[in-house]
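What follows is one structure encoded as C-alpha cells, with my remarks underneath.
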Amino acid sequence: MSQLFVPAETAALMADLAVSARRSPDAYLAAARATLNRILSRPDLLDPSRLSARNPGLSRNLLFGTGEISVWAMVWSPGTVTPVHDHHCSCCFGLLRGALRETWYRPISDTHAVPTLDAVREAGFVACMLPSGPNLHRIANDRPEEAVSIHVYGYDHRTQDTSIHRTYEVAAG
Ligand SMILES: [Fe+2]
C-alpha cells in the first residue's frame, strides 16, 4: 500500500528555494515563480492530504517552513473571501485547481481602499509580488467548486502568525 508523504524531490525544491530567499529580490522571485510552476505541473509532488479542507472557509495547510520562507496549500471553500489586505513580506501564489477572483485596490487612507482591477485566476496561474507596495488585494472563491492555491511567503511561520500587514475596509462608492 502506498504511503502519503512529501517526496524527497519536493523537499529538495523547497530547500533550494529557501536558499534563493537569501539572494537578490529579483533572483528570489524568479526562483519562487519557477518552483510554483514546477509544483503546478507536477501535483504528485504534493501530499494530497495537505490539499483538502480542514474547516469551512479558508484552510491553511503548511507544506514547508524555514526562517526565510513558508509554503502553504490554501483550500478555499465556495464563498470564501479574504479582507482587503497587503503583505509585510514577499508573496507568490499559484492556482493548483479551481478558480479565484483577485481584486486589486488603491488605498485612500490607512483604513480604506477603492477597487481598481479585477481578474479571475485559473489553474496554472502564478503571480509574485514584493512588499514594495502599495499592493492591496482581496481574493475570493465565487465559484461553486473548491479551489486550491499554493502560496510562498517570505516570512518565518514560527515567529509570525500571518503574511498580512494590514487590512482595509472598502470605501463606500
Ligand atoms: Fe494576499
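Read-outs: derived from the displayed coordinates by stated rules, not from any lab. Only a predicted model underlies this, so the values are computations on that prediction, with no experimental measurement involved. Heads up, the Cβs are rebuilt from the backbone with ideal geometry, glycines too, and the neighbour counts pull from every protein chain shown.
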Legend entry - Residue among S149, S77, S109 with the largest mean-square fluctuation in a Gaussian network model of the chain, springs linking Cα atoms under 10 Å: S109
Legend entry - Space enclosed by the convex hull of the alpha-carbon atoms of the stretch 98-154, per residue, Å³: 100
Inset, instruction - State the dimensionless ratio Rg/Rh of the chain (Rg: radius of gyration of Cα atoms; Rh: Kirkwood radius). - result: 0.96
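Relative contact order of the chain, please, whole-number percent, based on alpha carbon pairs below 8 angstrom and at least 6 residues apart. Write down the numbers at each step before the final one.
Working: 379 pairs, mean separation 47.1, N = 173.
It rounds to 27 percent for the chain.
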Legend entry - Alpha carbon centroid spacing (whole Å) that separates the stretch 119-173 from the stretch 49-75: 13
Inset, instruction - Would you be so kind as to identify which of T111, S90, A34 lies farthest towards the positive end of the dipole of the chain, taking Lys and Arg as +1 and Asp and Glu as -1 on Cβ and the Cα centre as origin? - result: A34
Legend entry - For the chain, Cys with no neighbouring Cys Cβ under 4.7 Å: C89, C91
